[in-house]
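Notes for the one structure printed next.
The values are calculated or read from the model by the stated rules, or taken from the named source; none is laboratory data. As the structure is a prediction and not an experimental result, all values here were calculated from the model. Cβ: placed from backbone, ideal geometry, glycine included. Neighbour counts: every protein chain shown. When the accessible area is computed, the model is the full protein with side chains, heavy atoms only, and any ligands, DNA or RNA have been set aside. Shrake-Rupley method; radii C 1.70, N 1.55, O 1.52, S 1.80 Å.
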Amino acid sequence: MKKLFLLAMIIAVVNSTSYAATLQRTILSHKGNLTQYDANHWQEAFDNAVAGDTVFFTPGNFVGILTITKPITLIGAGMSENDVFWKDTDLATAYAGCATTSESTFLDYVIIDIPGSLTLKSTLMEGFRINSVTINQPVTNLSIKRCQICFHNGWELIGEINASEPVTNLQLEDCYVLYGNFANFVNPDIHNCFFGSIGNTPEETEFTNCTIQDIWGTSNCSFINCIVHFASGSNNTCVNCIHDDAVGDQTTYVNSWHVGGAAGFTKSQLQSGGYIGNDDTVVGPLGGTAPFTLIPSQPYVSSSTLTYNKTTKKLSVNVTVKKGQ
């Protein structure tokens with residue numbers, strides 16, 4: 001299959017003196033050994049992976065339903081500035097300067113279906129733009145970092161993370177999620193994230209250093225160092241928050257600021273207003289000890305190219321890896 005793919009690429013560029021094409025590749029890391037898989041054969045990397053392995057994705061659009069059935073780690077190339085959620089919105093100025101990569105890795109629909117009610121020991125996914133994430137098996141310590149979960153369906157923006165079985169100790173960090181349906185999430189750790197909306201949130205859930213545009217049906221939850229736009233619910237607690245509408249009935253406010261248009265604040269406005277969070281930084285994902293970034297924290301493949309030179313009749317593959325931050 002790999003030889004046929006390379007031959008097809010050569011035939012396609014035979015009339016060019018030099019040609020370079022970006023490849024949608026996956027690279028399986030198993031006990032220090034690396035195996036590359038050609039475009040449209042990423043499922044083979046999953047078939048050959050075992051528990052504890054890592055699958056790296058190059059930039060590109062990986063089409064199809066990706067079902068994760070093993071406790072492995074998936075690392076994408078992050079999100080480029082051209083693809084981030086705040087582009088062409090009133091948040092663009094606020095997020096200017098936040099860390100992004102040069103290219104993006106896109107996944108279609110991710111289904112997490114790891115049997116056995118496992119407790120995961122490492123990050124499951126980092127550095128992707130994903131259409132939606134669905135969890136179909138009970139799992140503990142599920143960690144998703146530095147991902148966007150949303151997509152355009154024509155004129156409509158869609159995207160959701162949800163679970164049909166209990167998910168305990170979810171860690172959601174530096175993510176943009178269009179809609180978080182948290183009905184089956186137990187004791188989630190949600191910080192430094194941006195949400196279009198959240199709903200069905202279990203009582204006693206805590207959101208830290210987040211920006212949330214719409215909250216509904218959420219009661220007895222805590223919002224710490226958050227920027228909250230529109231909300232409904234009851235008996236919530238806001239500590240060091242900025243909000244422009246009531247966060248439900250009987251909400252308790254501690255050192256919080258009520259002001260219109262909170263979701264559209266720029267970074268400079270927040271700084272000039274002197275509104276400071278518990279850790280002496282501006283509230284929301286713009287502040288905190290880890291400023292908002294969509295660059296993977298682990299080493300990631302930033303580019304992968306196939307080049308054919310007609311003069312030398314040589315075919316070369318170049319993969320660039322960056323160490324993350």
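Can you name the residue in the range 78-102 that is assigned to a loop (DSSP other than H, G, I, E, B) and among the hydroxyl-bearing types (Ser, Thr, Tyr) and, of all such residues, is surrounded by the most Cβ atoms within 10 Å (Cβ to Cβ)? Among those that are assigned to a loop (DSSP other than H, G, I, E, B) and among the hydroxyl-bearing types (Ser, Thr, Tyr), it is 100. Among residues of the range 194-223 that are among the hydroxyl-bearing types (Ser, Thr, Tyr) and buried (at least 20 other Cβ atoms within 10 Å of the Cβ), those with a Cβ under 6 angstrom from a residue that is at pLDDT below 85 and in a loop (DSSP other than H, G, I, E, B), sequence gap 6+ or separate chain, pair up as 211/284; 211/285. Number of residues in the range 88-119 that are under 19 Å from residue 229 (Cβ atoms) and free of Cβ contacts under 8 Å to residues at least 40 places away in the same chain equals 3. Number of residues in the range 27-72 that are in a strand (DSSP E or B), β-branched (Val, Ile, Thr) and open to solvent by 10 Å² or more (accessible area, probe 1.4 Å): the value is 6. Restricting attention to the range 172-189, the residues that are over 23 Å from residue 83 (Cβ atoms) and either assigned to a strand (DSSP E or B) or touching a Phe, Trp or Tyr at 6+ places or on another chain (Cβ under 6 Å) (or both) add up to 4.
Restricting the range 120-138 to residues that are among the polar types (S, T, N, Q) and in contact (Cβ under 8 Å) with a residue 40 or more places away in the chain leaves a set whose member that is nearest to residue 295 (Cα to Cα) is 123.
When the criteria are applied in full, residue 74 meets the requirement of being under 15 Å from residue 297 (Cα atoms), touching a residue at least 24 places away in the same chain (Cβ under 8 Å) and in contact with a strand residue (DSSP E or B) (Cβ under 6 Å, 6 or more places away or on another chain).
The number of residues in the range 113-141 that are in a loop (DSSP other than H, G, I, E, B) and under 20 Å from residue 285 (Cβ atoms) comes to 3. With respect to being among the hydroxyl-bearing types (Ser, Thr, Tyr), open to solvent by less than 10 Å² (accessible area, probe 1.4 Å) and modelled with pLDDT of 90 or more, residue 105 fits the description. For residue 254, the conditions (1) hydrophobic (A, V, I, L, M, F, W, C); (2) buried (at least 22 other Cβ atoms within 10 Å of the Cβ); (3) touching a Ser or Thr at 6+ places or on another chain (Cβ under 9 Å); (4) at pLDDT 75 or above are fulfilled apart from (2). Looking only at the range 1-15, decide whether some residue is in a strand (DSSP E or B) and either hydrophobic (A, V, I, L, M, F, W, C) or at pLDDT 70 or above (or both). So far as the range 1-15 goes, no, none of its residues is in a strand (DSSP E or B) and either hydrophobic (A, V, I, L, M, F, W, C) or at pLDDT 70 or above (or both). Among the residues of the range 162-179, those that are touching a Pro at 6+ places or on another chain (Cβ under 9 Å) and open to solvent by less than 10 Å² (accessible area, probe 1.4 Å) comprise 167, 170, 172, 174.
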